[in-house]
Amino acid sequence: MSTSTQVMFGILFAVGYLVSPILLIWGWVRWLRQPCLKTTGSILSMIGFFLATASALLAVSLVGYAQIHHFPYYDPLLLRLFRCGVFISLGGIVFGIGGVWRASPLRWHAPTCSLGMLTFWILAASGE
């Protein structure tokens, strides 16, 4: 494997496995501490952030389940769960971008966390 490919996978690994959980926790703290606006942009950001959180919960659940249940290579259930995680993350990106235009506590957290979770799902699927 070339050096540039190793560097790219290292960056993707850092984003998917380190940055995403930190941003999710930071986003939840911000959402709980700051008042929630009832504007369209803040609601779209909140939906995007909830989808990013759902994607992260699916990832944690899948990792926990994989410790109990052994998945063979290209297991159809595992591939369906990967696809579901990708679609949830893409939905979070779409809603998060829709909420970027107005100020809210989750303005940048929603698309960034969703992008980090999409990176996680791509890396998980590439390891299959």
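Restricting segment 2-25 to residues that are out of contact with any Cys (no Cβ under 7 Å at 6 or more places or on another chain) and of a type in the set (Gly, Ala, Ser) leaves a set whose member that is farthest from GLY96 (Cα to Cα) is SER2. Just a yes or no: is a residue in segment 115-128 touching a residue at least 12 places away in the same chain (Cβ under 8 Å), more than 18 Å from GLY16 (Cβ to Cβ) and surrounded by 15 or more Cβ atoms within 10 Å (Cβ to Cβ)? Scanning segment 115-128, I find no residue that is touching a residue at least 12 places away in the same chain (Cβ under 8 Å), more than 18 Å from GLY16 (Cβ to Cβ) and surrounded by 15 or more Cβ atoms within 10 Å (Cβ to Cβ), so the answer is no. Identify all residues within segment 85-111 that are open to solvent by 60 Å² or more (accessible area, probe 1.4 Å) and either of a type in the set (Asp, Glu) or out of contact with any helix residue (DSSP H, G or I) (no Cβ under 6 Å at 6 or more places or on another chain) (or both); write none if there are none. Residues satisfying the conditions are PHE87, LEU90, VAL94, ALA103, TRP108. Summed over segment 36-79, the residues that are in contact (Cβ under 8 Å) with a residue 24 or more places away in the chain and not in a helix (DSSP H, G or I) give a count of 5. Applying the set (1) at pLDDT below 90; (2) assigned to a helix (DSSP H, G or I); (3) farther than 18 Å from ALA14 by Cα to VAL100 leaves exactly one unmet item: (2). Only one of the numbered conditions (1) in contact (Cβ under 8 Å) with a residue 60 or more places away in the chain; (2) under 16 Å from HIS109 (Cβ atoms); (3) open to solvent by less than 60 Å² (accessible area, probe 1.4 Å) is violated by ARG30, and that is (3).
The values are calculated or read from the model by the stated rules, or taken from the named source; none is laboratory data. None of these values were measured; they are calculated from a predicted model. Don't worry about glycine lacking a Cβ; one is built from the backbone with ideal geometry, like all the others, and counts go over all protein chains shown. Each accessible area value is taken on the protein alone, full model and side chains, heavy atoms only, with ligands, DNA and RNA left out. Shrake-Rupley method; radii C 1.70, N 1.55, O 1.52, S 1.80 Å.
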